[in-house]
Structure formats: C-alpha cells, structure tokens
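The values are calculated or read from the model by the stated rules, or taken from the named source; none is laboratory data. All figures in this text were calculated on a predicted structure; none of them were measured in a lab. When we count neighbours, we look across all protein chains shown, and the Cβ atoms used for this are built from the backbone with ideal geometry, even at glycine. Remember, those area values only see protein heavy atoms, side chains included, never the ligands or the DNA or RNA. Shrake-Rupley method; radii C 1.70, N 1.55, O 1.52, S 1.80 Å.
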Amino acid sequence: MQHQIPDAVDALLTREATAAALTACGFPVKSKTLATKATRGGGPPFMSFGARVLYRWGDALAWAKGRLSEPRSSTSEADVQAAVAGGRHAS
C-alpha cells in the first residue's frame with residue numbers, strides 16, 4: 001500500500017495514514033505513538049467517527065512542526081540554550 005501526503009489540510013486521515021504521511025514528510029512517528037499520545041496527551045488533536053479515530057492533516061502537520069527545535073549548527077548549542085534558559089551562563 002502506497003501512502004501519500006495529502007494535498008488538502010482539511011483531509012481526514014486514520015491514525016495509520018497520519019503516521020505514514022508524517023513519516024513521508026520527514027517526521028518519523030508510529031501509529032502506536034499517536035495512540036499513546038491520544039490517551040496521555042501531547043499529541044495532535046483528533047476526532048472520533050464511530051470507533052475510528054481521525055486526524056485533520058493540517059493539525060497533525062502543525063503538531064509535528066511544533067516539535068522541531070530551532071536550527072543549530074552543533075549539538076553543543078542545545079547545551080548553551082538550556083543553560084541560558086535555566087538562568088545559568090555557559091562558560
């Protein structure tokens with residue numbers, strides 16, 4: 001089965017199709033991860049259609065993009081940013 005990235009942001013996708021489309025866009029996520037986040041929180045918004053869970057493509061993509069860090073040129077930049085955010089200054 002070939003998974004495609006939806007053209008329309010209002011497209012409704014099953015959990016499996018959402019995970020496949022996000023992965024195809026460069027955001028590797030499994031449908032089991034989406035299921036866990038649906039019960040514990042922290043995932044993209046979803047709707048129910050009977051027993052089936054559906055995700056609006058635009059919401060799922062915005063959720064994935066929101067999890068990206070700021071661009072950086074080395075791994076040590078994350079340490080400096082964390083130290084500054086925590087009120088410490090890197091030496």
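The single condition among (1) without any contact (Cβ under 8 Å) to a residue 12 or more places away in the chain; (2) open to solvent by less than 60 Å² (accessible area, probe 1.4 Å); (3) of a type in the set (Val, Ile, Thr) that residue 39 does not meet is (2).
Among the residues making up region 10-26, those that are open to solvent by 30 Å² or more (accessible area, probe 1.4 Å) and under 12 Å from residue 46 (Cβ atoms) are 12, 14, 15. I need the full set of residues from region 59-77 which are surrounded by fewer than 13 Cβ atoms within 10 Å (Cβ to Cβ) and not hydrophobic (A, V, I, L, M, F, W, C), in order please. Result: 65, 66, 67, 69, 70, 71, 72, 73, 74, 75, 76.
Can you find even one residue in region 44-58 that is open to solvent by less than 50 Å² (accessible area, probe 1.4 Å) and without any contact (Cβ under 8 Å) to a residue 24 or more places away in the chain? Show your work before the answer.
Of region 44-58, the ones open to solvent by less than 50 Å² (accessible area, probe 1.4 Å) are 44, 53-55, 57-58.
Filter once more, so that each one left must be without any contact (Cβ under 8 Å) to a residue 24 or more places away in the chain: none.
The answer is no, given that none of the residues of region 44-58 is open to solvent by less than 50 Å² (accessible area, probe 1.4 Å) and without any contact (Cβ under 8 Å) to a residue 24 or more places away in the chain.
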